[in-house]
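Notes follow the structure.
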Amino acid sequence: MPGSFTRRVLLAGALAAGLGGCARGPDGGAKGSRVVVNYWEKWSGFEADSMQQVVDDFNGSQDRIEVRFLSVSQVDIKLLLATSSGHPPDVAGLWSDNIPDFSEKGALTPLDAGLAKAGIGAERYIPLFWEMCRHRGFTWGLPTTPGCVALFYNKKLFRAAGLDPERPPRTFSEFESMSRRLTLVEVERSGRVVRVPLDDLTAGERAARRYTLVQVGHLPQDAGMFLSCWGCWFGARYFDGDRRIEAADAGNVAAYEWMAGAARSYGVDAMKNFVSGFGVSQSAQTPFLGGAEAMVVQGPWMTNFIRRYAPGLEWGVAACPAADGVGDGHPVTLAQTDVVVIPRGARHPREAFEFICYLQRREVAERLARSQQKFTALRDVSPGFLRDHPNPAIGLFIELARSPAARAVPRLSIWHEYDAELSVARERVLSLREAPAEALAQVQQRIQWRLDRVMRRWDAVGAKRIAEWKAYDAW
């Protein structure tokens, strides 16, 4: 209704104005002789504390700029609101997959002229992460802490199942067979409840659904960053890089067929009941950290949560195997990076850019990465970085990020809509309500329609926007 729409617009404007006031501060952007640079970041907890220490070090290293760090939930939504109102912060921390959407909406400042003057270019970074900072030929941010995913596994559960705890699966078929061997159920037999491997159930017990999942080898819906990207391990294409969505690609269909197979194997109701018995992600109440899931796909940050919530867990980590023929012998991973950007309309872009460049110094990037137990996006690390790193598996994640088979989500301004549609399709497939090919064909149709609409708008304004980006040089 018009009245409801008007109220939403007024509310958004009030929120943006309020956040803009927080960004500027009562001094209007200056503190004494220093320029105040307001920095919004999505991190909270120990990750925010780590960046606050870096900010404090920067502020103490010179007497011209003071960076004020603010941890902001839902930073992507709030940043768009603040930018549209003309009151953005000077620096913001986003995710690399935000860059296509924010740049096409005119919400970011292109950094290319400043980077050229500062001598910062592609040669400094692991290629995948540099490309994540670029869109439509321009550079929109620089990395802070990147991530990619690998297969964490519970050595104790491997040992109990008669598997070698020092030998994780190396092929996808091994991953599948180990997962089945590590899956246990409770079933009533002869008046008592016994625990047996899933494969030991009789046909009658399966048909009557008289069993309870108590331990799983792996849950397909437990997949690290983007739950809809299992297709990466099956060689899927999601987008042709131009104007065509490829959700129904054969590799993606194969991935969803595999998920449907897991649902049939575990039993839809049994799997739902098992998942419902656990709580919040990245807490002690997750299946893996609770000792009820033997393998999980996660990033290097997982070691923080193991140390905090499951300190007695005996764990290992390895590359997650891909389907046969995928990766051409190279390990497959899905990667993403945190990025720092300068919003359009930032009051102090030069000073903001100086702070961003400070974050790119090797010693600074490594200090932040060590404190968050991650790695850096830089191509070269210092001799002591791996030796002194608190995460014993960090070398593996660096190796995976450098793999020729490392993947990123599609560079699409509508990726989050695409991801949401894929997630809906995944749930329909896991509940066995829809065949994978049919579910993905519907996703392709809906997202193609949305992309066509976006491209019509881009065709109308793109040339003008690119000319503005080329002309921008506040450095």
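The values are calculated or read from the model by the stated rules, or taken from the named source; none is laboratory data. Here the structure is a predicted model, which means the values were calculated and not measured. With ideal geometry, Cβ positions are generated from the backbone for all residues, glycine too; neighbour counts draw on all protein chains shown.
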- Query: Does ALA247 qualify as being part of a helix (DSSP H, G or I), at pLDDT 90 or above and touching a Phe, Trp or Tyr at 6+ places or on another chain (Cβ under 7 Å)?
  - Reply: no
- Note on the structure: Per the filter on the stretch 15-73, residues modelled with pLDDT under 95, within 26 Å of GLY86 (Cβ to Cβ) and acidic (Asp, Glu) are ASP27
- What pairs can you find where one residue is in the stretch 89-103 and of a type in the set (S, T, N, Q), the other is in a helix (DSSP H, G or I), and their Cβ atoms are less than 6 Å apart, with a gap of 6+ or different chains? SER96/MET132; ASN98/ASP76
- Can you tell me how many residues in the stretch 360-394 are small (Gly, Ala, Ser) and not in a helix (DSSP H, G or I)? 3
- Is it true that some residue in the stretch 430-442 is out of contact with any strand residue (DSSP E or B) (no Cβ under 8 Å at 6 or more places or on another chain), surrounded by 19 or more Cβ atoms within 10 Å (Cβ to Cβ) and at pLDDT below 95? yes
- Message: Suppose the filter is out of contact with any strand residue (DSSP E or B) (no Cβ under 8 Å at 6 or more places or on another chain), surrounded by 14 or more Cβ atoms within 10 Å (Cβ to Cβ), farther than 21 Å from THR286 by Cα and not β-branched (Val, Ile, Thr); does ALA207 pass it?
- Response: no
- Message: With the structure loaded, tell me whether SER423 is hydroxyl-bearing (Ser, Thr, Tyr) and in a helix (DSSP H, G or I) or whether it fails that test.
- Response: yes
- Task: Please verify whether the stretch 348-364 includes one or more residues that are touching a residue at least 40 places away in the same chain (Cβ under 8 Å) and on the phi > 0 side of the Ramachandran plot.
- Result: no
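For the stretch 23-132, which fully contained helices (runs of 4 or more DSSP H) count at least 2 residues that are under 30 Å from ARG453 (Cα atoms)? Show your work before the answer.
Numbers: elements: 45-61, 75-84, 99-104, 112-118, 127-132.
Correct list: 75-84, 99-104, 127-132.
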- Message: Which condition from (1) in a loop (DSSP other than H, G, I, E, B); (2) closer than 27 Å to GLY325 by Cα; (3) in contact with a Pro (Cβ under 8 Å, 6 or more places away or on another chain) is the one that PRO404 breaks?
- Response: (3)
